[in-house]
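Engineer: Just passing along the structure, written as structure tokens.
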Amino acid sequence: MGFGDLKADSGLKALNDFLADRSYIEGYTASQADNVVFNALSGAPPAKFPHALRWYNHIKSLDRNALPGVKKDIGAYGVSSAGASGDAAANDDEDFDLFGSDDEDEQEAEAKKQAALKAYHEKKAKKPALIAKSNIIMEVKPWDDETDMKELEKSVRSVAADGLVWGASKLVPVGYGINKLQISCVVEDDKVGTDFLEEEITKFEDFVQSVDILAFNKV
Amino acid sequence: MAGEVELVAVAEYFQAPYGGVTFSKKDQTPSVKTKNGKMVTGQTTVAKHLSQAGKVSSGLTLEDQAAVEQWLEYRCTQVDRCGHNGIPVSQVLQELNLYLTDKVYFVTHHPTLADIFLYHGLHKIISKLTFQEKEKYVHVSRWFDNIQQDTTLRQSLQLLPFSRSSLYS
């Protein structure tokens with residue numbers, strides 16, 4: 001909720017991102033929401049946050065105390081303010097509370113939920129991420145029977161990338177003395193795509209006429 | 001008709017009487033009779049007349065007025081003429097995007113005639129943009145989205161959707 005520490009770069013960056021496509025903190029006119037966030041800043045944002053700076057200059061030019069709206073806690077503004085903190089602010093506004101005791105229970109439940117959520121996130125962070133891998137078999141076709149298949153294979157195997165391991169290969173006769181090369185490789189899905197492989201291999205245009213994906217299996 | 005919608009917006013925004021505006025049958029040029037009995041003709045001229053005749057004082061300094069005037073000219077010479085065989089749309093949008101980088105409104109810190117005129121002039125152009133293009137001209141989009149929320153300014157024009165997606169950034 002909110003923008004975090006608006007006196008530090010992290011908070012300013014959040015504010016800057018938020019204001020990239022907005023002119024005001026809330027709605028489409030200047031309000032006390034702008035005033036609250038404005039006062040939380042220590043001064044004009046540096047030029048590397050152009051959206052925040054534009055908003056700052058605009059708000060600075062207005063009569064901030066005459067702006068409409070009600071001041072809320074600064075945490076109520078920002079990207080995900082629609083959720084819990086918005087409700088909390090709404091509760092504060094009520095003069096007469098029918099369910100006073102329930103409110104405390106709610107807060108307890110909320111605290112429990114937060115603790116559980118925190119524990120979950122910690123657990124998740126410790127767990128090593130599973131790396132998705134795929135086994136790809138490709139078919140590389142030469143131009144004619146005079147293409148040096150050994151040289152072709154060497155070229156293909158020279159393609160190197162992080163997360164790419166070449167496997168076994170064999171030559172399969174097509175006819176008229178022409179062979180095609182079938183070669184398998186294991187890739188990490190996040191790091192290497194089939195488009196990349198095809199592009200890299202077709203770069204050896206002296207040898208390679210075309211590349212096809214014969215099989216694609218998740219490991 | 002586009003021209004009329006725009007003048008109604010100007011008249012309502014500045015709270016000026018719209019009644020006297022007539023449109024010529026030949027080419028739909030608007031004209032209006034001023035208080036001292038003279039006729040003024042032409043879209044920009046009538047709009048300027050309405051903005052000054054209204055109850056809402058624009059409160060602009062001479063410099064600001066000159067800036068507004070420059071944007072009205074920009075609208076007539078650049079925005080209205082971009083498209084197929086004129087100035088490329090992307091060039092106009094790029095210029096406006098750069099200008100709006102550090103501004104909320106075109107001139108001063110509140111909407112002026114320049115904002116109304118450019119909003120109405122750009123509506124047709126922006127309505128044809130894809131979400132990705134709107135994201136590319138994010139400052140124009142932000143300004144446009146802010147202006148179009150005012151129903152007085154928007155009148156019968158369609159509310160255009162803007163949505164940022166992390167896909168494009």
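The values are calculated or read from the model by the stated rules, or taken from the named source; none is laboratory data. No experiment lies behind these values; they were computed from the predicted model shown. Cβ placement follows ideal geometry from the backbone for every residue including glycine, while neighbour counts extend to all protein chains displayed.
Engineer: If B:Gln94 passes every condition in (1) part of a helix (DSSP H, G or I); (2) surrounded by 18 or more Cβ atoms within 10 Å (Cβ to Cβ); (3) in contact with a Phe, Trp or Tyr (Cβ under 9 Å, 6 or more places away or on another chain) but one, which one does it miss?
Structural biologist: The single condition B:Gln94 does not satisfy is (2).
Engineer: Does at least one position in region A:38-52 carry a residue that is closer than 18 Å to A:Gly11 by Cα, of a type in the set (A, V, I, L, M), in contact (Cβ under 8 Å) with a residue 24 or more places away in the chain and within 14 Å of chain B (Cβ to nearest Cβ)?
Structural biologist: Within region A:38-52 (the criterion being closer than 18 Å to A:Gly11 by Cα, of a type in the set (A, V, I, L, M), in contact (Cβ under 8 Å) with a residue 24 or more places away in the chain and within 14 Å of chain B (Cβ to nearest Cβ)), the answer is yes, since at least one residue qualifies.
Engineer: Output the helices (runs of 4 or more DSSP H) that fall wholly within region B:110-169 and possess 3 or more residues being buried (at least 20 other Cβ atoms within 10 Å of the Cβ) and more than 10 Å from chain A (Cβ to nearest Cβ), or say none.
Structural biologist: Once the helices (runs of 4 or more DSSP H) in region B:110-169 are filtered for at least 3 residues that are buried (at least 20 other Cβ atoms within 10 Å of the Cβ) and more than 10 Å from chain A (Cβ to nearest Cβ), what remains is B:113-127.
Engineer: Let me spell it out: the conditions are (1) under 30 Å from A:Asn16 (Cβ atoms); (2) in contact with a strand residue (DSSP E or B) (Cβ under 6 Å, 6 or more places away or on another chain), and B:Val46 meets all of them except one. Which number is the exception?
Structural biologist: (1)
Engineer: I want to confirm something. Restricting to region A:17-35 and keeping residues that are buried (at least 21 other Cβ atoms within 10 Å of the Cβ) and outside any loop (DSSP other than H, G, I, E, B), which single residue is farthest from the other protein chains (Cβ to nearest Cβ)?
Structural biologist: A:Ala33
Engineer: Run A:Phe196 past the list (1) outside any loop (DSSP other than H, G, I, E, B); (2) at pLDDT below 85; (3) over 22 Å from A:Lys218 (Cα atoms); (4) of a type outside the set (Gly, Ala, Ser) and report the number of the one that doesn't hold.
Structural biologist: Of the numbered conditions (1) outside any loop (DSSP other than H, G, I, E, B); (2) at pLDDT below 85; (3) over 22 Å from A:Lys218 (Cα atoms); (4) of a type outside the set (Gly, Ala, Ser), the odd one out for A:Phe196 is (3).
Engineer: State yes or no: is A:Tyr56 at pLDDT 90 or above and either closer than 21 Å to B:Leu100 by Cα or part of a loop (DSSP other than H, G, I, E, B) (or both)?
Structural biologist: Yes; evaluated as a whole, the condition is true for this residue.
Engineer: Of the numbered conditions (1) away from chain B (no Cβ under 14 Å); (2) at pLDDT below 80; (3) part of a loop (DSSP other than H, G, I, E, B), A:Val79 satisfies every one except a single condition; which is it?
Structural biologist: (1)
Engineer: Of all the residues that make up region B:1-30, how many are surrounded by 12 or more Cβ atoms within 10 Å (Cβ to Cβ) and either within 21 Å of B:Thr112 (Cα to Cα) or aliphatic (A, V, I, L, M) (or both)?
Structural biologist: Summing the residues that are surrounded by 12 or more Cβ atoms within 10 Å (Cβ to Cβ) and either within 21 Å of B:Thr112 (Cα to Cα) or aliphatic (A, V, I, L, M) (or both) in region B:1-30 gives 19.
Engineer: Looking at region B:25-50, which of its residues are of a type in the set (S, T, N, Q) and modelled with pLDDT of 85 or more?
Structural biologist: If the condition is that a residue be of a type in the set (S, T, N, Q) and modelled with pLDDT of 85 or more, then B:Thr29, B:Ser31, B:Thr41, B:Gln43, B:Thr44, B:Thr45 are the ones that fit.
Engineer: Against the definition (under 20 Å from B:Leu157 (Cα atoms), free of Cβ contacts under 8 Å to residues at least 40 places away in the same chain and either within 14 Å of chain A (Cβ to nearest Cβ) or surrounded by 14 or more Cβ atoms within 10 Å (Cβ to Cβ) (or both)), how does B:Asp102 come out, yes or no?
Structural biologist: The answer is no for B:Asp102.
Engineer: Kindly check whether there is at least one residue in region B:2-11 that is assigned to a loop (DSSP other than H, G, I, E, B) and out of contact with any Lys or Arg (no Cβ under 7 Å at 6 or more places or on another chain). Write out each step before concluding.
Structural biologist: Narrowing region B:2-11 to residues assigned to a loop (DSSP other than H, G, I, E, B): none.
The answer is no, given that none of the residues of region B:2-11 is assigned to a loop (DSSP other than H, G, I, E, B) and out of contact with any Lys or Arg (no Cβ under 7 Å at 6 or more places or on another chain).
Engineer: Moving on to the next point. Within region B:41-77, restricting attention to residues that are farther than 18 Å from B:Val92 by Cα and of a type in the set (D, E, K, R), which residue is surrounded by the most Cβ atoms within 10 Å (Cβ to Cβ)?
Structural biologist: The qualifying residue surrounded by the most Cβ atoms within 10 Å (Cβ to Cβ) is B:Lys48.
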